[in-house]
Amino acid sequence: MEQTVTNLTVFVLAVFVGYHVVWNVTPALHTPLMSVTNAVSSVIIVGAILASGSTNSGVGVLLGTIAVALASVNTFGGFLVSLRMLEMFKRKEPEPGPPTSTQQPPTVH
Amino acid sequence: MTANEVALSYLVASVLFILALRGLSHPRTARRGNLLGMVGMAVAIVTTFAITNRIDMARLGIGIGAVVGLIVSRRVQMTQMPELVAAMHSLVGLAAVLIAFAVVNDPSAFNLDVPIPRGNRLELFVGTFIGAVTFSGSIIAFGKLAGLGKYSRLFSSAPVVFKGQHIVNLLIALAMIAAGVVFVASPPEGQWTPFGAMTAIAFLLGVLTIIPIGGADMPVVISMLNSYSGWAAAGIGFSLNNSMLIIAGSLVGSSGAILSYIMCRAMNRSFFSVILGGFGGAEGAVVSGVQQKAVKAGSAEDVAFLLSNADSVIIVPGYGLAVGRAQHATKEMADKLMKKGVNVRYAIHPVAGRMPGHMNVLLAEAEVPYDQVFEMEDINADFGSADIAFVLGANDVVNPLAEQPGSPIYGMPILEAHKAHTVVVNKRSMAAGYAGVDNPLFYMDKTMMVFGDAKKVIEDIVKSLD
C-alpha cells in the first residue's frame, strides 16, 4: 500500500509537470511534439527488457522480446523522425549570414 | 547496480524526458530537446540492462526494432506523418499488453510478489485495457488516415454508425470492467480466463470507439490515442512500481490530453461530442439559409494575374494541400510573388489537416521560413487589409457560417478569409466540407474558385507568373 501511495504521488506531480511543460510548446511544433512523446512513451521498453530477461519462463522471454522489438521501433523511429522534422524547422531560421549585396547600400564614412 | 543507483539513473532519465518536451517550446531549442530525450532513453535502457540477468534477447529485439525504426523514419513522407504517428501509438499499446501478460505469467521476473498483490493486479488491469484500446483504436485510426477505406469499411474515413451504437459500446465496456474485477479478485490459478477475456474485450472496444469518428476529427482522435499510449505506459509503471515509467507515461498522457483539448476548442466542440462520433455524416447535412448562386470560376492564369498585382497575400492551407502534396509548389509560387514585391504570409488553423501542427510541418519541409507562418489569433486581424486570401484545400476552417447563430458549426473559430479584398479558393470540386455544411464564402462576389488538384493548379500559376 505504501508503494502505491508513493506511485500516486509521483504520478500526480508528473501530470502537473507535463501540463505546464506542454502548454508552453509552440503550436507550430505540435506534430514533432507528438512524435517526441511517442518516442518517450516507448520507455515502456524497460518493462519489456525485464520480461525478455526472465530466465525461468520461455513464454515470458518470447513476449518480452516481441515487446522490446515493438517499443524500440518507436524509440528509434520516434526520435529520428522528430529529428528529421526539426531539421526542417531549423533550416528556416532567419539567417544572420551575409546579406545580399544588392540590398545593402554601401556605407559611407 | 544497487537499488538506489538504479532509482537515481531512472530519475536522471525522467528529468531528461521533461527537458526534451520543454525544448519544444521554440524551434531553436527543439533539436537539443530531442537530443536530450534520446540520451534519457539511452540511460533508461542501459540501466535496465544492468539489472537484468539475460540481455541477449533484448538486444536482438532492439536490433530488429532499430532497423525498422530507422528505415521508417527515413522513408516516411511528411504528408504521411499522421499515419505514422497512429501506427506508432499502436505499437506502444501492444507492447504494454504483451508486458502485462509477461507479468501475469511470471511476476518474479519483475521483482513482484507471488501471487501478485491485489493493488498491482488492479493496476495491471488498467494498464492492459488502456494498452489494448490504444492498440486496436490506433490501427483503425491508421487505416482511416492511410485511406484504407477501400479495403474495409472499418477504415472508412466517413463515420461508421449503427443503431444503438453507444448502448452497445457501453455494455461492452461494462463487460470489460466486470472481467477486470474478476481478474483482480480471483485466486492466481483462475486469473488467466478473466485476464484474457478482459484484454479481448478491450481490443474490440478500441475498434468500436474509433470507427464512428470521421476523417476530419482525426486531429482529436490522434491526440487522444497519444494520450492513451502515455497512460498505458504509466499504468504498467504503477504495476511494476517503476517511477520512471510513471513519470514518462504521465508526461505523454497529459501532452496528448492537452492537444485533444486544443483541437476540440479549435472546432468549438466538446470532447465527448467528438469521441461519440457520427459528426459530418452524409445524412442530415443541414442546408443553410444562403441562397444558391453560381460560383465564379477562374483559371490558373487569372489567379496568377490577381496575385502578381496584389500587395499582400495570405495563403490558407488545408487538408487539400496535404492530399495534393502541393507544399513545394506553393513555396515556389510564394517565392516568385515575393520577388515581385508581394507580401506573402501563411495562416494556419489549429485543426487544418489531419493532426496537430500538420500544416506547419509540410510548410517547414518546403522550407517556408517560419516567420511567414502565423497562427490563427495572430493573423485574423490582418485579413481585412489583405488584397487576396488564397484558400488552398481548406473549407470548414474558413466558413463564415461559423459566425451565424443556428448553423451547425456556429461558434467554431475560423480564419476570416472572407474579410480579404479578394478571395481565391482552390478546391477539387464543389462538395461540401467535412461538416456537411455549404460554404457561403464560395458564392461571394469577391470570390474566385479555381477547381483542380492543388499541386497542378499551383504549378500552372507558377508557370503563368513567369
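The values are calculated or read from the model by the stated rules, or taken from the named source; none is laboratory data. Source: prediction; values computed, not measured. We place every Cβ from the backbone using ideal geometry, glycine too, and count neighbours over all the protein chains shown. The accessibility values were calculated without ligands, DNA or RNA, using every heavy atom of the protein model including side chains. Shrake-Rupley method; radii C 1.70, N 1.55, O 1.52, S 1.80 Å.
A few points about this structure:
- For the pair B:M430 and B:N268, a Förster radius of 22 Å applied to the C-beta separation gives a FRET efficiency near 0.30, rounded to the nearest 0.05.
- Compared with the dominant principal axis of the Cα atoms in chain B, helix B:56-75 is inclined by about 0°.
- Couplings for segment A:15-26, taken from phi via the Karplus curve 6.51 cos²θ - 1.76 cosθ + 1.60 with θ = phi - 60°, read 4, 4, 4, x, 4, 6, 5, 6, 4, 7, 6, 5 Hz in order; Gly and Pro are left as x.
- Accessible area in the full protein assembly, largest first, 1.4 Å probe, for B:K336, A:K90: A:K90, B:K336
- Simple spin-label estimate for A:E87 and B:R59 gives 2.9 nm between the two label positions (7 Å along the Cα-to-Cβ direction from each Cα).
- Solvent-accessible area per residue in segment A:20-94 equals 25 Å², computed with a 1.4 angstrom probe and all protein chains kept.
- A:S52, B:S152, reordered so the largest accessible area comes first (probe 1.4 Å): B:S152, A:S52
- Under the Karplus curve 6.51 cos²θ - 1.76 cosθ + 1.60, θ = phi - 60°, whole-Hz ³J(HN,Hα) for segment B:382-387, x wherever Gly or Pro sits: 8, 4, x, 9, 8, 6
- Heavy atoms of B:T79 accessible to a 1.4 Å probe, total area in Å² rounded to 10: 20 Å²
- For segment B:82-154, applying the loop criterion from DSSP together with a ceiling of 11 other beta carbons within 10 Å to the chymotrypsin sites (Phe, Trp or Tyr not before Pro) yields B:Y151.
- Segment B:1-142: C-alpha gyration tensor shape, a/c 1.5 cut-off, then a/b vs b/c: oblate
- Tilt relative to chain B, helix B:165-185 - C-alpha long axis, 0 to 90 degrees, to 10: 20 degrees
- Residue list for segment B:322-345, given a label point 7 angstrom along the Cα-to-Cβ vector of B:D453 and an amide N cut-off under 15 Å: B:322-330
- If the chain linking B:L174 and B:H328 were pulled fully straight, counting 0.36 nm for each residue of separation and taking away their Cα-Cα distance, it would gain 50.5 nm.
- Listed values for segment A:61-74 are Karplus-derived 3J(HN,Hα) couplings in whole Hz (6.51 cos²θ - 1.76 cosθ + 1.60, θ = phi - 60°), namely 4, 5, 4, x, 5, 4, 5, 4, 4, 4, 5, 6, 4, 5, and x replaces Gly and Pro.
- 28 Å Cα-Cα threshold exceeded, pairs from B:K144/B:K427; A:K90/B:K463; B:K336/B:K446: A:K90/B:K463
- Angle between chain B longest axis and helix B:27-50 axis [Cα atoms, degrees, rounded to 10]: 20 degrees
- Contact-buried residues of segment B:317-363, at a threshold of 50 Å² lost accessible area versus the chain by itself: B:V361 (1.4 Å probe; DNA, RNA and ligands ignored).
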